[in-house]
1. Give me the accessible area per residue for the chain, probe 1.4 Å, as a whole number in Å².
2. Under 14 Å from the Cβ of Ala17, count the other residues' Cβ atoms, weight Lys and Arg +1, Asp and Glu -1, and hand me the total.
3. What is the packing order of peptides 42-51, 22-31, 7-16, taking the mean over residues of other C-beta atoms within 10 Å and listing the highest first?
4. What is the percent carbon and sulfur in the accessible area of the chain, measuring with a 1.4 Å probe over the protein chains and ignoring ligands?
5. Note down the relative contact order for the chain as a percent, whole number, built from C-alpha pairs under 8 angstrom at least six residues apart.
Amino acid sequence: MTCSNYGPSEPLPELPADLRTLAVDALDQVVSERSELAELWADAANGSKGRHDITRLRDVLDPPVPP
């Protein structure tokens, strides 16, 4: 959990679509099977939290389409 003292005082502007796409691609690489970070998470006691946090961030950048 973060303290609000460290967050922005104003709402952040909407990220342009091209930056959102780049960010989603980067997050996908972080959790891919070939990622060393993903391998380290698999060995860590709280590794599932890291994956969950990445999924949450990815869903903000590229919201899933409701069924």
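The values are calculated or read from the model by the stated rules, or taken from the named source; none is laboratory data. Since the model is a prediction, treat every value here as computed from it, not as a measurement. Please note: Cβ atoms are built from the backbone with ideal geometry, for glycine as well, and neighbour counts cover all protein chains shown. The area values use the complete protein model at the heavy-atom level, side chains included, leaving out ligands, DNA and RNA. Shrake-Rupley method; radii C 1.70, N 1.55, O 1.52, S 1.80 Å.
1. On the way: 5930 Å² over 67 residues.
That works out to 88 Å² per residue.
2. The answer is -3.
3. Details: 42-51: 11.0, 22-31: 14.0, 7-16: 7.7.
Output ranking for 42-51, 22-31, 7-16: 22-31, 42-51, 7-16.
4. After summing per-atom areas, the C and S share lands at 59 percent.
5. Computed over the chain, the figure is 30 percent.
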